[in-house]
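Here the structure is laid out as structure tokens; the discussion comes afterwards.
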């Protein structure tokens, strides 16, 4: 008797594994002799995890490391980041080639990282030992889970602020509110004094955090989110990245609160933030209260080279200037490569020193904040006393003095999800005070942008000394306070003050009305840019002496570029601009699906504009009644189920009424594989496969090499549950998941992945047709029974084409139309895939789905 899927349980052996840590999976027995000494390359915690037949997830770190000296020698921020990115990518691609070939031959899935030249795999002791013997491997490090700094005290939702989410109204409200009363920490580091005396709030500087995410439309954060287009619309590409996959939509989210809090301390309006004029972006590298190495590395890569929503088309020129990291734990040096890469790219990083202190014990800081290349931050309270939880040095990692500096970290009030505020404590709360302070410093003295050593020196020199040498050091610099209490006013005073200040107002040329949300960008001839947005029409830029082109843009107005604006050292230049409003027109059209048929319920939007998106009617028609003249990207997104329909993005130029006829492209994945409806041509099975019953799997040889995501295979595992697994024989995988997902199984073709049973009426067969070089190989499930549906059965197959490398899934009968199944393909690490359907009743008898291999697959 088969229970419904949600009531079924795996076998006892599987249940035991499921209760273990997420990185410990059942696996092969160790192959090394009991008396053999382990390789010094292997991290000791990994040795423990893979003993007695265990498996673990770990990183294989290559010996080749990028030479980033060229990046450090570049002048502009964009040039530094681009040079670092190029060198890191090239080194990783070259250095990992042999290792990836080895793993592919071993049928081991892997995820590759360029920022640390490391490859992420899961395996047992035999694999670990073989990897340790490779001359190109430097070390093998077990995956860790870091924690967001513990919140030492917490009083949630101290107050709620009622505010509109309109970007324009929010900006206007912020201007009306002024800076607000500064929080005690903001005042203690004298940030408000920098605001008042230097008229500097961090304008032109971009900050980021790697954290639990951010509520991007919080009233105190929405106006200076870089993805805010200034007209009520948002663009999240290049401004937000969820490395964890936890957010339900493409918009930024925060399922913990921690990231919203730290971002508020950096740039929040109303007195909560140190640099309320700075712009912010964010990467979610923490699943919730913890952060896995894999997510942190992916987030660290994105910080250096932000990407679009698909993780493609990296733009290192859009990297932030500053990144805050309020997380840590342990004494590893693994993340040091990422810190060094950021520093070489001119990205200032601040790290929490950790909350494992007890007020007395030394060497309680933890990595990455305790690593020498990182700028670690301790915490103190409003009375000026070091926090009892603040970690002390010297570092257990490398003996360096830690923390580097201390900042307010007790009872810090800042933004919190739900348009609320929260008062909490931790070195997590101290660290964003430092990150925000650097934004003030770099805005006031733009010649320092990207100069990490000079910036650290100014922070150190400006700090107020505190004498406590019980853990080592001197009265001026010790392992309790570091260089002392952060004082950004002192640091700004000590900074070079040769920058010119350009201020002005942007107005409507016809009405004289002040224009909010207009982007003002100043660019010199060497590739350096500084960008701000107007608030109530006003803007402020600090610029090194030189000649600039000013470009102004905003929805509903004709872009304007003014060249030859020369500024001199210490100059205060007033420069107003007027923009001409443009007319609006109607945009109509028809949307067709990938087969050229009218597509209903597709969403049509004008990216980067406040134009309200519309949906197509039953004939595929749409009307956008009021679009201002200008150049845009028109996007069309199909409604679920997408059925191989991809997202269309194309240029739209509006200069009058426009008509568009749009055929959606085929759905593609990051590797360039595509999905299209296929031509049904059933192949009858001829050779029986030894599969029977419930939860069975067997490995078969293939008549020709089959390629999946760039790797060729000559054998594959077939399961009763409608899966072809190229990596390993798997049983117990009746609980289908969306594709892709990091959870095993990976490296699969899901012909009809469901809880299926092969009884006396069922069979699995294979068949090979055609001449050599042009053969087709089919795996055919006949009359497979649904475990949860009495009497329901399915007959389906997967057909591999020798000539094209494609795979076609065909459905002869599918009683429930796939309502509880997954159909698609997935790569070997579970990071890329093409999903035709997941738990949707969309498959019809006599239909086929074709997956073509892409150039990068």
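The values are calculated or read from the model by the stated rules, or taken from the named source; none is laboratory data. Computed from a prediction, not measured in an experiment: that's the story for all the values here. Glycine also receives a Cβ, built like all others from the backbone with ideal geometry; neighbour counts cover every protein chain displayed.
Numerical summary
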{"quantity": "Candidates 537, 556, 512, filtered to the one that is surrounded by fewer than 16 Cβ atoms within 10 Å (Cβ to Cβ), out of contact with any helix residue (DSSP H, G or I) (no Cβ under 6 Å at 6 or more places or on another chain) and on the phi > 0 side of the Ramachandran plot", "calculated": "512"}
{"quantity": "Sole residue being buried (at least 24 other Cβ atoms within 10 Å of the Cβ) and either assigned by TED's automatic domain parsing to the domain that holds residue 75 or out of contact with any strand residue (DSSP E or B) (no Cβ under 6 Å at 6 or more places or on another chain) (or both), chosen from 491, 447, 498", "calculated": "491"}
{"quantity": "Out of 576, 617, 657, sole residue that is at pLDDT 95 or above, surrounded by fewer than 17 Cβ atoms within 10 Å (Cβ to Cβ), within 30 Å of residue 541 (Cβ to Cβ) and out of contact with any helix residue (DSSP H, G or I) (no Cβ under 9 Å at 6 or more places or on another chain)", "calculated": "576"}
{"quantity": "Boolean, residue 78 is touching a strand residue (DSSP E or B) at 6+ places or on another chain (Cβ under 8 Å) and either closer than 22 Å to residue 828 by Cβ or without any contact (Cβ under 8 Å) to a residue 60 or more places away in the chain (or both)", "calculated": "no"}
{"quantity": "Counted residues, segment 340-370 - those being more than 19 Å from residue 426 (Cβ to Cβ), touching a strand residue (DSSP E or B) at 6+ places or on another chain (Cβ under 9 Å) and buried (at least 24 other Cβ atoms within 10 Å of the Cβ)", "calculated": "3"}
{"quantity": "Which numbered condition residue 273 misses (of (1) within 21 Å of residue 195 (Cα to Cα); (2) surrounded by fewer than 24 Cβ atoms within 10 Å (Cβ to Cβ))", "calculated": "(2)"}
{"quantity": "Answer from 758, 752, 834 - the residue that is surrounded by 20 or more Cβ atoms within 10 Å (Cβ to Cβ), over 39 Å from the mean Cα position of the chain (by Cα), modelled with pLDDT of 95 or more and not assigned by TED's automatic domain parsing to the domain that holds residue 297", "calculated": "758"}
{"quantity": "Segments classed as helices (runs of 4 or more DSSP H), wholly inside segment 91-208, with at least 3 members that are modelled with pLDDT of 95 or more, more than 30 Å from residue 528 (Cβ to Cβ) and in contact with a strand residue (DSSP E or B) (Cβ under 9 Å, 6 or more places away or on another chain)", "calculated": "125-132, 184-188"}
{"quantity": "Residue 633 vs. criteria outside the structural domain of residue 517 (by TED's automatic domain parsing) and assigned to a loop (DSSP other than H, G, I, E, B)", "calculated": "no"}
{"quantity": "Entirely in segment 347-460, the strands (runs of 3 or more DSSP E) that have 2 or more residues that are over 27 Å from residue 81 (Cα atoms)", "calculated": "375-380, 405-408, 412-416, 420-424"}
{"quantity": "Test result for residue 50, modelled with pLDDT under 95 and within 19 Å of residue 142 (Cβ to Cβ)", "calculated": "yes"}
{"quantity": "So residue 771, is it over 21 Å from residue 668 (Cα atoms) and either free of Cβ contacts under 8 Å to residues at least 24 places away in the same chain or outside the structural domain of residue 686 (by TED's automatic domain parsing) (or both)", "calculated": "yes"}
{"quantity": "Lone unmet requirement of (1) at pLDDT 95 or above; (2) in a loop (DSSP other than H, G, I, E, B); (3) within 27 Å of residue 109 (Cβ to Cβ) for residue 681", "calculated": "(3)"}
{"quantity": "Any chance residue 712 is under 32 Å from the mean Cα position of the chain (by Cα) and within 30 Å of residue 635 (Cβ to Cβ)", "calculated": "no"}
{"quantity": "Lone qualifier among 253, 291, 247 - being touching a strand residue (DSSP E or B) at 6+ places or on another chain (Cβ under 8 Å), without any contact (Cβ under 8 Å) to a residue 40 or more places away in the chain, in the same structural domain as residue 416 (by TED's automatic domain parsing) and under 14 Å from residue 212 (Cβ atoms)", "calculated": "247"}
{"quantity": "Given (1) modelled with pLDDT under 95; (2) touching a helix residue (DSSP H, G or I) at 6+ places or on another chain (Cβ under 6 Å); (3) within 25 Å of residue 347 (Cα to Cα), index of the condition residue 232 fails", "calculated": "(3)"}
{"quantity": "Filtered residues of segment 640-673 (kept if assigned to a strand (DSSP E or B) and in contact (Cβ under 8 Å) with a residue 60 or more places away in the chain)", "calculated": "652, 654, 658, 659, 660, 661, 662, 663, 666, 667, 668"}
{"quantity": "Some residue of segment 798-816 being surrounded by 20 or more Cβ atoms within 10 Å (Cβ to Cβ) and under 30 Å from residue 243 (Cβ atoms)", "calculated": "yes"}
{"quantity": "Complete set of residues in segment 479-517 that are more than 24 Å from residue 190 (Cα to Cα) and modelled with pLDDT under 95", "calculated": "516, 517"}
{"quantity": "Subset of segment 560-577 [under 28 Å from residue 232 (Cβ atoms) and touching a residue at least 60 places away in the same chain (Cβ under 8 Å)]", "calculated": "575, 576, 577"}
{"quantity": "In segment 397-425, residue surrounded by the fewest Cβ atoms within 10 Å (Cβ to Cβ) [restricted to those that are more than 25 Å from the chain's Cα centre (by Cα) and on the phi > 0 side of the Ramachandran plot]", "calculated": "399"}
{"quantity": "In segment 756-782, the residues that are farther than 19 Å from residue 716 by Cα, touching a strand residue (DSSP E or B) at 6+ places or on another chain (Cβ under 7 Å) and not in a strand (DSSP E or B)", "calculated": "759, 761, 762, 770"}
{"quantity": "Breaking point among (1) loosely packed, with under 15 Cβ neighbours inside 10 Å; (2) within 23 Å of residue 312 (Cβ to Cβ); (3) touching a strand residue (DSSP E or B) at 6+ places or on another chain (Cβ under 7 Å); (4) touching a residue at least 24 places away in the same chain (Cβ under 8 Å), for residue 631", "calculated": "(4)"}
{"quantity": "Unmet requirement for residue 527, which otherwise passes all of (1) assigned to a strand (DSSP E or B); (2) modelled with pLDDT under 95", "calculated": "(1)"}
{"quantity": "Conditions (1) crowded, with 18+ Cβ neighbours inside 10 Å; (2) assigned to a strand (DSSP E or B): number failed by residue 740", "calculated": "(2)"}
{"quantity": "Yes/no for residue 551 being assigned to a strand (DSSP E or B), more than 30 Å from residue 462 (Cβ to Cβ) and either touching a strand residue (DSSP E or B) at 6+ places or on another chain (Cβ under 7 Å) or modelled with pLDDT of 95 or more (or both)", "calculated": "yes"}
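Per-residue answers, yes or no, for (1) modelled with pLDDT of 95 or more; (2) surrounded by 20 or more Cβ atoms within 10 Å (Cβ to Cβ); (3) within 23 Å of residue 119 (Cβ to Cβ); (4) within 16 Å of the chain's Cα centre (by Cα):
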site	(1), (2), (3), (4)
255	yes, no, no, yes
266	yes, yes, no, no
278	yes, yes, no, no
286	yes, yes, yes, yes
